[in-house]
Every structure is written in C-alpha cells, then in structure tokens.
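No value in this document is a laboratory result; all are computed from the given coordinates. None of these values were measured; they are calculated from a predicted model. All Cβ positions, even for glycine, are placed from backbone atoms using ideal geometry, and neighbour counts span all protein chains on display.
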C-alpha cells in the first residue's frame, strides 16, 4: 500500500457493461489487459465465495457474542460482583436463525475446504480438454503469472 506499491487489479466486466467500462478506461488513460473468462469458471468461483460468505457471517455472530460476553465480564469485575451465567450469551439463548447460520457455516467450512483442494477448471467431465478449453487454460495461466 502507499506510494510505489505494485500490484494487479481485476475487474469483472459483463458484456453488457463492456461499453461503459471502455469509456472509463479511455478517460483515465490507463491500459487494461482483457481476458475472456469461461462462465463455468466464474460459477465455480461464485460457489466458493458464497461458502466463504456463510463462514464469515457466522464468525461475525460469534465475534459479537464474545464481545458482549467480554463486556459483561469486565463490568462485573469492575463492580466486584459475581456474574450470573444466564447473562452470558451462548448457544442456549441464540435465535433459531443464528443457530441455523452457525450450522450452515460448519457445513460450508467442510465443503469449502474440499473445494479449495481442487483447482478451478472450466471442464469437469470428459477424458480430454477440447482445443478451446486448453487454449483458454493456457491464456488464464499466462495472465495470472507475474
């Protein structure tokens, strides 16, 4: 970050947005490389992103609970009072929606771990890659390499 930082940005532009994006790119005078992505690759990425989102949301619920409990514990300590365990939040006093989100996040974590061990591919079946798929894979590999 900051002055002199070097990196790569990626903009996912749908065909409908291409014209508007081209006008923006021309106005800022920065060259952009265009890479056409296979929709199946984006669908696979979207599945992974959705699973990660479920995990993140459940983590936020846990963090909120831990923060609330920590506040109660600190205030009880400051007042030199014994804190009733019923005041602390846990699974027994969560809403059904929160419990469901946490359960889904546990499943999502297992599924995402499995998916992250597999490379993203544009073809999930068949014995051989078609010529177009192989060319696309090579193009993607070259565009990602620094």
If I take R0 = 35 Å and measure r between the Cβ atoms of residue 92 and residue 114 in this structure, what FRET efficiency does the formula 1/(1 + (r/R0)^6) give, to the nearest 0.05? 0.65
Between residue 68 and residue 33, with labels modelled 7 Å along Cα→Cβ, what's the label distance in nm to one decimal, could you check? 4.9 nm
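To the nearest µm²/s, what D does Stokes-Einstein give for region 40-118 at 10 °C and 1.306 mPa s, using the Kirkwood radius over alpha carbon pairs as Rh?
Details: Rh = 14.6 Å.
Answer from the Stokes-Einstein relation: 109 µm²/s.
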With N denoting the number of residues in region 1-44, provide Rg(C-alpha) divided by 2.2 N^0.38 Å, to two decimal places. 1.42
Between residue 26 and residue 81, how many nm apart are label points set 7 Å from Cα along the C-beta direction? 6.8 nm
